[in-house]
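Note sheet for the following structure.
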Amino acid sequence: MTELFAAALFVFVLVTALATAALRDVLGVVVVFAAYSLGTALFYAFLLAPDVAMTEAAIGAGVTTLLLLLTLAKTVRPTPDQWLERPNLPALAVFGALFVVLVATVVEFPAVGEPGVMWDNPGVTQYYIENAYEDTGVENAVTAVLAGYRGFDTFGEAVVVFSAGIASLIVLRQVVFTRE
Amino acid sequence: MLETLANRYTYVLFALLLVVGLYMVVASSNLVKKIIGLNIFQTGLFLFFVTTAFVDGGSSPVIPKEADAGAAFASPLPQVLVLTAIVVGVALTAVALALVIRIYDAYGTLDEKTLREVRTDE
């Protein structure tokens, strides 16, 4: 049953990703990309990362789609002369080769979900799992690490988001304020 | 060989998403589609990180007060890194799209090839 679910998710995410690359109409691409984000969010939830899944569903499928649609509204949606993109053969060849290299690397990894191979580092992961509640009083270890142990990293993230907001305002100042 | 790949299906999907994302960045002539390609590349990497945290038969990293000593949990650390990366990624997308709007305002096109022609005519 879980295998079937995983296979369905795999196919859904892959097909939507390929559709975003192949479709020519930009609005269609944005809509398919929203579905793709939702698919990846489900995938994260399936891989025991509910916090990541919620963030992806809210930000990937929600905010990013909104930003893309706003951009289309402010700019242009070119009327497609054909339904699908024409394949770019040199790029296909290069990235096909890259895929072969990546898969050759991936084969050497431990199998998905094999316990205690990749992140079995008692110094960090086990420490968080064993002491998160005592140290921070939060049962959710992800929240404990995000806001407690690595609070300064989260502060840095907030600084990045703030600077991005300022940068967008500076870039868009002329477009938004002088025309209206 | 096929079984080896089936046991590593999320890593295979990670490789596929990286390639599709990069292909879009290079091959699409529309600037908005390039940015969407960048986002797909990103989610491929997130999938890799989340997979490294995953433990078969474990539970999500919400640890009850009285946890059994032997219970397996997904690692919280890669998940936190991905959470941060998602938020930074959307900030990046926002700046990129602002630049796209500005480019359209200045040149009246979002097509890479037309842009190049307009720029050489100047």
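The numbers here are math on the coordinates, done by the rules we state, and not lab data. None of these values were measured; they are calculated from a predicted model. For neighbour counting, all protein chains shown are included, and Cβ atoms are generated from backbone atoms with ideal geometry for every residue, glycine included.
Out of every Cα pair in the stretch B:14-53, what percent are spaced more than 16 Å from each other?
Working: 237 of 780 pairs.
Tail of P(r) above 16 Å: 30 percent of Cα pairs.
Taking the Cα centre of chain B as origin and charging only Cβ (+1 Lys, Arg; -1 Asp, Glu), how large is the dipole, in debye to the nearest 20? All intermediate terms of the calculation are to be shown ahead of the outcome.
Numbers: 8 positive and 10 negative charges, 26 e Å.
My answer is approximately 120 debye.
Against the longest alpha carbon principal axis of chain B, how many degrees, from 0 to 90 and to the nearest 10, is the axis of helix B:76-107 turned?
The two axes meet at around 10 degrees.
What lysines sit close enough to residue B:113 to cross-link, taking a C-alpha to C-alpha distance under 27 Å and skipping anything fewer than 8 places away on the same chain?
A:74, B:33, B:34
Sequence gap at least 6, Cα distance under 8 Å: using those rules, report the relative contact order of chain A to the nearest whole percent. Mind showing how you got there, number by number?
Working: 101 pairs, mean separation 25.9, N = 180.
Taking the mean separation of contacting Cα pairs over the length of chain A, I get 14 percent.
Only Cα pairs under 8 Å and at least 6 apart count here; give the relative contact order of chain B as a rounded whole percent.
Details: 108 pairs, mean separation 28.6, N = 122.
That works out to 23 percent.
Mind checking the mean number of beta-carbon atoms from other chains within 10 Å of the Cβ atoms in A:80-93? Walk me through the numbers before you get to the answer.
Values: counts 0, 0, 0, 0, 0, 6, 1, 2, 5, 1, 2, 7, 4, 0.
Mean inter-chain Cβ contacts per residue within 10 Å come to 2.
Of A:158, A:132, A:22, which is the most mobile in a GNM of chain A whose springs link Cα atoms less than 10 angstrom apart?
Of A:158, A:132, A:22, the most mobile in the Gaussian network model is A:158.
Rg and Dmax of the stretch A:49-89, Cα atoms, in Å?
15.4, 42
Would you mind computing the Rg to Rh ratio of the stretch B:1-121 from its alpha-carbon coordinates, Kirkwood style for Rh?
Answer for the stretch B:1-121: 1.17.
For the protein assembly as shown, max minus min Cα coordinate along each principal axis, in Å, sorted largest first?
69, 47, 29
About the Cα centre of the stretch A:1-145, what is the dipole size in debye to 20, counting +1 per Lys and Arg Cβ and -1 per Asp and Glu Cβ, all else neutral?
On the way: 4 positive and 13 negative charges, 199 e Å.
Using only the charged Cβ atoms, the result is roughly 960 debye.
Can you put B:46, A:5, A:99 in order, fewest other beta carbons within 10 Å first? Numbers along the way, then the final one.
Details: B:46 27, A:5 11, A:99 18.
Ascending Cβ contact count within 10 Å gives the list A:5, A:99, B:46.
Given the DSSP H assignment, sum -39500 (n - 2.57) over each helix run of at least 4 residues in the protein assembly as shown and divide by its residue total; what's the result at 222 nm in deg cm²/dmol, nearest 500? Don't skip to the answer; put the middle values down first.
Working: 12 runs with 205 residues, N = 302.
Estimated from H runs of four or more residues: -23000 deg cm²/dmol.
P(r) tail for the stretch A:1-88, what percent of Cα pairs lie past 21 Å?
Working: 1487 of 3828 pairs.
Roughly 39 percent, rounded to a whole number.
Any idea which of A:70, A:12, A:48 is furthest toward the positive side of the dipole for the stretch A:1-88, if Lys and Arg beta-carbons carry +1 and Asp and Glu beta-carbons -1?
A:70
Given Cβ point charges of +1 (Lys, Arg) and -1 (Asp, Glu) and nothing else, what value in debye, to the nearest 20, does the dipole of the protein assembly as shown about its Cα centre take?
Value, rounded to 20: 1240 debye.
Given the options B:110, A:128, A:104, identify the residue whose Cα lies farthest towards the positive end of the charge dipole of the protein assembly as shown (+1 on Cβ of Lys, Arg; -1 on Cβ of Asp, Glu).
Going by the charge dipole, the pick is B:110.
Just the Cα atoms of chain A: what Rg and Dmax do they give in Å?
21.2, 62
In percent, how large is the relative contact order of the stretch A:1-88, given Cα pairs closer than 8 Å and 6 or more residues apart?
Details: 78 pairs, mean separation 29.9, N = 88.
Relative CO of the stretch A:1-88 lands at 34 percent.
In whole Å, what is the distance between the alpha-carbon centres of the stretch A:50-90 and the stretch B:1-27?
What the calculation gives is 20 Å, centre to centre.
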